[in-house]
Protein chains: 2
Amino acid sequence: MTGNDFVVTPWEVRGDVDYGKLIEKFGTKRIDEKLLLRIKKHSKELHPMLRRDIFYSHRGFDRALTEYENGNPFVLYTGRGPSGHTHLGHLMPWIFTKYLQDTFKTKLLFQITDDEKFLLNERLSLDDTRDFAYENILDIIALGFDPKNTEIFLDTELIKSQYKLALKVAKKITFSTIKATFGFSDSSNIGMIFFTSIQSVPCFLESERRGKDVPVLIPCAIDQDPHFRLTRDVAERIGYPKPSLVHCKFFPSLQGSDKMSASSQESCIYTVDSPSTARKKIMNAFTGGQETIKEQREKGGNPDVCSVYQYLLYIFEDDDRKIKEQYEQCRCGELICGDHKKYLSEKVETFLVRHQENREKAKDRIEEYMVRD
Amino acid sequence: MTGNDFVVTPWEVRGDVDYGKLIEKFGTKRIDEKLLLRIKKHSKELHPMLRRDIFYSHRGFDRALTEYENGNPFVLYTGRGPSGHTHLGHLMPWIFTKYLQDTFKTKLLFQITDDEKFLLNERLSLDDTRDFAYENILDIIALGFDPKNTEIFLDTELIKSQYKLALKVAKKITFSTIKATFGFSDSSNIGMIFFTSIQSVPCFLESERRGKDVPVLIPCAIDQDPHFRLTRDVAERIGYPKPSLVHCKFFPSLQGSDKMSASSQESCIYTVDSPSTARKKIMNAFTGGQETIKEQREKGGNPDVCSVYQYLLYIFEDDDRKIKEQYEQCRCGELICGDHKKYLSEKVETFLVRHQENREKAKDRIEEYMVRD
């Protein structure tokens, strides 16, 4: 797991992530033109996150499409570890997941791993993780997933349906494998050691329920890949098809590191932040600009390391022409960071106002989405 | 866990077990005269397994009695790993548990660890362990536990009620501790590594349900002590009282080793064996006798290593005077192995006939005892 300069595990992202190297290390595949064309056949247009190489890697996405084309549609599976409030980085893969649901008209299983986050964080009780789970669920619902085709569940509330499948997985995984995959040590707690079995379950749940092989496609950030690499190794040995994955890069931090960390209040925008708080955070964000406006005009900025540009690229600027323009104008010094921040800020504020309205409405709709034992 | 000449873990008993040394190794306490007198205060008479030093060790039994005497009665908790049919060795601690339930008029939680046995045995499926579980449950019910005061459950069927408590335990136990306690290695599967958390749960379940500290007393064979040593270490850190334990020695094998192994058909008598099968097994049993009757008459036998004597001592001879007589008559050569085998055989056959009748009746009574999520 440890590379020369960066580390990526489901619980830690450190250093400057080289996404190309990560593909080699993890042994995944790049999403290539051929695959994009296949996806496009089913979609009015490719999602910007595909066009912009943000969802950039996969395992067996092509096989999931083949199954779909042969009349055996895949189920989508994604998740959330409820260790705090939702921030925009969390929304990114969910927005893409909604695109996939809308495009392929398919069922979505949304696992909330309250067990994992309790086990991982000394300071969190099970009440805390449950409370965060229900806060996060409001954000999920606010994005507009199809309630008839979406099942959201907390692990602790659907454990009876999940436990036997988790046991089947756990029986096939040794501690050696867990150590090598996640970097766990002898001082890891036995709950965390077992946990990956639970995260595997939704890959098999629908096959188990329907009594036939149901393909599964998992949109997630690439740090989750190690879990599902294990799942894929185990799948056929316990009688289920391997799940397919489609991986995204990490949403940028406003402070300029690689994965937005929910632990630093200033590095991310929460969905419950007021628009004015969001504006302030953006105004304080790290950019690729020069120290003075004069210098910026002369030398230009570097959008590739700029969190403001990245925010627009990842989520907030749908228009390919406009994002390209901003890139070039930044490069040549025409676009000043202050103006770019204002531009982003308006988009984020507009988003937050609408999202928070939807989030309020979601409070009455939770039961349309939840499944429990 | 490894001593000079013997090994005792919940999954392995090997070598000649020195029960005195085991007390030192595990750090438990001998049941002494003082404790026996305290138990006797509440009981018409001491159970033979107490009088004969078969239930011989404990942790905090005295504290459980103090709580009881102060009006806070303990709950009993014992269990069964359903990896095969029930044999007489399994019944031994259950018979004692029934004595405790009758004496103290207290609730019993009976955990059937179908998850554990599935994880442990490559050859067993979850259907197998469930089927064995329900076979074993017939034997439990046949012993006559009070249905109003007994809850029997399979882990996979009560996991929703157990999972959160298991997580609380698991969070406090590291892999180092598991390695040191059970002798697990890097090649152990992650389900088995986690499992001890599940076995801990019934120690806390009743406190959780009632919202107050409920003492728990666990009658079990001493090989189960390592699980509960961990539980006791964790208990107060997660806000529950430490469970108390009372430990028995291992029921003898008919073939003369220490723990009756369910894997060897000839070394034990199953509750589903026909009386004639049981008789044959007893007739082929290992004894402490001499090679010829003549030699036996001259030198006498050794009841201390004799499985026939041990069977009578542990379960089938209630009468202290008679068991003492048999011991002495064997020692001095008056009692011949063949006669002693016949004597035991009649008792076992009588027991089996009655038990199998009760076991048949139990088939209609399962639901009186079971709890599920």
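The values are calculated or read from the model by the stated rules, or taken from the named source; none is laboratory data. Worth saying up front: this structure is predicted, and the values here are computed from it rather than measured. For neighbour counting, all protein chains shown are included, and Cβ atoms are generated from backbone atoms with ideal geometry for every residue, glycine included. For the accessible areas, the whole protein counts, side chains as well, though only heavy atoms, and no ligand, DNA or RNA atoms are used. Shrake-Rupley method; radii C 1.70, N 1.55, O 1.52, S 1.80 Å.
For region A:140-170, a residue qualifies if it is touching a residue at least 40 places away in the same chain (Cβ under 8 Å), charged (D, E, K, R) and within 11 Å of another protein chain (Cβ to nearest Cβ), and the qualifying residues are A:ASP155, A:GLU157, A:LYS160, A:LYS168.
Name the residue, out of B:PHE61, B:PHE74, that is closer than 28 Å to B:LEU154 by Cα, touching a Pro at 6+ places or on another chain (Cβ under 9 Å) and assigned by TED's automatic domain parsing to the domain that holds B:ASP18.
Answer to the check: B:PHE74.
Being more than 13 Å from the chain's Cα centre (by Cα) and either in a loop (DSSP other than H, G, I, E, B) or not acidic (Asp, Glu) (or both) is a property that B:THR103 has. Please list, ordered by first then second residue, the pairs with beta carbon atoms under 6 Å, 6 or more apart or interchain, first in region A:171-186 and within 8 Å of chain B (Cβ to nearest Cβ), second among the charged types (D, E, K, R). Short answer, once both residue conditions are applied: A:LYS172/A:ARG237; A:PHE175/B:ASP186; A:SER176/B:ASP186.
Each row is one residue, and each column tells you yes or no for (1) free of Cβ contacts under 8 Å to residues at least 60 places away in the same chain; (2) open to solvent by less than 70 Å² (accessible area, probe 1.4 Å); (3) closer than 26 Å to A:GLN111 by Cβ; (4) in the same structural domain as A:THR156 (by TED's automatic domain parsing).
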{"site": "A:ASN284", "(1), (2), (3), (4)": "yes, no, no, no"}
{"site": "A:GLY288", "(1), (2), (3), (4)": "yes, yes, no, no"}
{"site": "A:ASP319", "(1), (2), (3), (4)": "yes, yes, no, no"}
{"site": "A:CYS330", "(1), (2), (3), (4)": "yes, yes, no, no"}
{"site": "A:LEU344", "(1), (2), (3), (4)": "no, yes, no, no"}
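Among the residues of region B:102-112, how many are more than 17 Å from B:HIS87 (Cβ to Cβ) and open to solvent by less than 30 Å² (accessible area, probe 1.4 Å)? Total meeting the criteria: 7. Of the set (1) among the β-branched types (Val, Ile, Thr); (2) under 19 Å from the mean Cα position of the chain (by Cα); (3) exposed (fewer than 14 other Cβ atoms within 10 Å of the Cβ), all apply to A:THR292 but (2). One residue is enough: does region B:130-137 have a residue meeting the conditions in contact with a Lys or Arg (Cβ under 8 Å, 6 or more places away or on another chain) and either in a strand (DSSP E or B) or at the interface with chain A (Cβ under 10 Å from one of its Cβ atoms) (or both)? No. In summary, B:PHE195 fulfils each of the numbered conditions (1) open to solvent by 10 Å² or more (accessible area, probe 1.4 Å); (2) closer than 28 Å to B:GLY15 by Cα; (3) within 14 Å of chain A (Cβ to nearest Cβ) with the single exception of condition (1).
For region A:246-351, which fully contained helices (runs of 4 or more DSSP H) count at least 2 residues that are of a type in the set (Ser, Thr, Tyr) and at pLDDT 95 or above?
A:275-283, A:307-311
Within region B:79-94, can one find any residue that is in contact (Cβ under 8 Å) with a residue 60 or more places away in the chain, in contact with a strand residue (DSSP E or B) (Cβ under 6 Å, 6 or more places away or on another chain) and closer than 22 Å to B:LEU313 by Cα? Looking for residues that are in contact (Cβ under 8 Å) with a residue 60 or more places away in the chain, in contact with a strand residue (DSSP E or B) (Cβ under 6 Å, 6 or more places away or on another chain) and closer than 22 Å to B:LEU313 by Cα, one finds at least one in region B:79-94, hence yes. The set of residues in region A:329-373 that are closer than 24 Å to A:ALA142 by Cα and touching a Gly at 6+ places or on another chain (Cβ under 8 Å) contains only A:ASN358.
Okay, residues lined up against (1) at pLDDT below 95; (2) out of contact with any His (no Cβ under 7 Å at 6 or more places or on another chain); (3) open to solvent by less than 20 Å² (accessible area, probe 1.4 Å); (4) basic (Lys, Arg):
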{"site": "A:THR2", "(1), (2), (3), (4)": "yes, yes, no, no"}
{"site": "A:ARG14", "(1), (2), (3), (4)": "yes, yes, no, yes"}
{"site": "A:ASP18", "(1), (2), (3), (4)": "yes, yes, no, no"}
{"site": "A:LEU50", "(1), (2), (3), (4)": "no, yes, yes, no"}
{"site": "A:GLU67", "(1), (2), (3), (4)": "no, yes, no, no"}
{"site": "A:ASN72", "(1), (2), (3), (4)": "no, yes, no, no"}
{"site": "A:GLY79", "(1), (2), (3), (4)": "no, yes, no, no"}
{"site": "A:HIS90", "(1), (2), (3), (4)": "no, yes, no, no"}
{"site": "A:PRO93", "(1), (2), (3), (4)": "no, yes, yes, no"}
